[in-house]
Every structure is written in C-alpha cells, then in structure tokens.
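Below is one structure, written out as structure tokens; comments come after it.
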Amino acid sequence: MATGGLYADIKNILEQARVNAVRAVNFSMVVAYWEIGKRIVEEEQQGEERARYGGAVLKEISKKLTIDFGRGFSAVSLENLRNFMWYFQINQFPPHCGGIWKMKTQI
C-alpha cells in the first residue's frame with residue numbers, strides 16, 4: 001500500500017497550519033502593541049503628542065508589566081509603542097476585516 005502521497009498531503013496541511021499560526025500570532029501582537037500605544041496616548045497624554053509630566057508613569061507601568069510578563073516592556077519599549085501608534089493610524093478596525101494602515105501625515 002503506497003502512502004507517500006497521503007503522507008505528503010498531511011505533512012503539507014500541518015506545515016501550512018504552523019505557518020498560519022505564526023502569522024496569526026504575529027498579527028495579533030502587532031495589533032496589541034498598537035492598542036497599547038493608543039491607550040498610553042489616550043490615558044496619559046490626553047491625546048497630546050507628549051505627556052506633560054515626563055516618563056514617570058511609563059516607568060511605573062514598565063515595572064509592573066515586567067513583573068507580570070517578563071522582559072520586553074521597558075519604559076523605552078513603551079515609548080516605542082506610543083510612537084508606533086502615533087505613526088500609524090487604522091482607518092477601519094479591526095484590521096483583519098479589511099483595515100487599511102496608513103502613515104499618519106501629521107504627528
């Protein structure tokens with residue numbers, strides 16, 4: 001009984017599923033990072049380009065996130081997420097439903 005073709009098909013299905021899973025996770029993280037940046041801007045900057053009181057709040061959030069989630073949430077990283085949100089705008093949300101990313105023309 002030849003199983004080469006069946007095996008190859010099943011292997012392809014599993015390999016494609018793995019690739020799709022990685023893409024889905026990466027996409028979800030990009031959206032999460034954008035939303036984190038948006039929350040920082042909304043809550044701590046009140047929609048302004050820069051927070052009036054410096055980075056003290058981001059440093060405190062950074063400490064808490066690092067305890068809960070480990071590395072990757074330094075105050076500088078949180079500033080980068082804020083900048084990411086300022087730089088990119090989503091015309092239609094959620095992005096997986098046809099959202100279009102565009103560069104924000106005015107920061």
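Ranked highest first by average number of other Cβ atoms within 10 Å, how do 25-36, 61-72, 77-88 line up?
Details: 25-36: 13.6, 61-72: 11.8, 77-88: 17.0.
Taking the mean over residues of other Cβ atoms within 10 Å, the ranking is 77-88, 25-36, 61-72.
Each of Ala75 and Val30 was given a label point 7 Å from its Cα along the Cα-to-Cβ line. The distance between the two points is 3.0 nm.
In this rough spin-label picture, where each label sits 7 Å from Cα along the Cβ direction, the Arg39-Leu14 distance is 3.7 nm.
Readers should treat all values here as calculations from the given coordinates under stated rules, not as data from a laboratory. For clarity, every value in this text was computed on a predicted model and none was experimentally measured. Cβ coordinates were reconstructed from backbone atoms using ideal geometry, including for glycine residues, and neighbour counts include every protein chain displayed.
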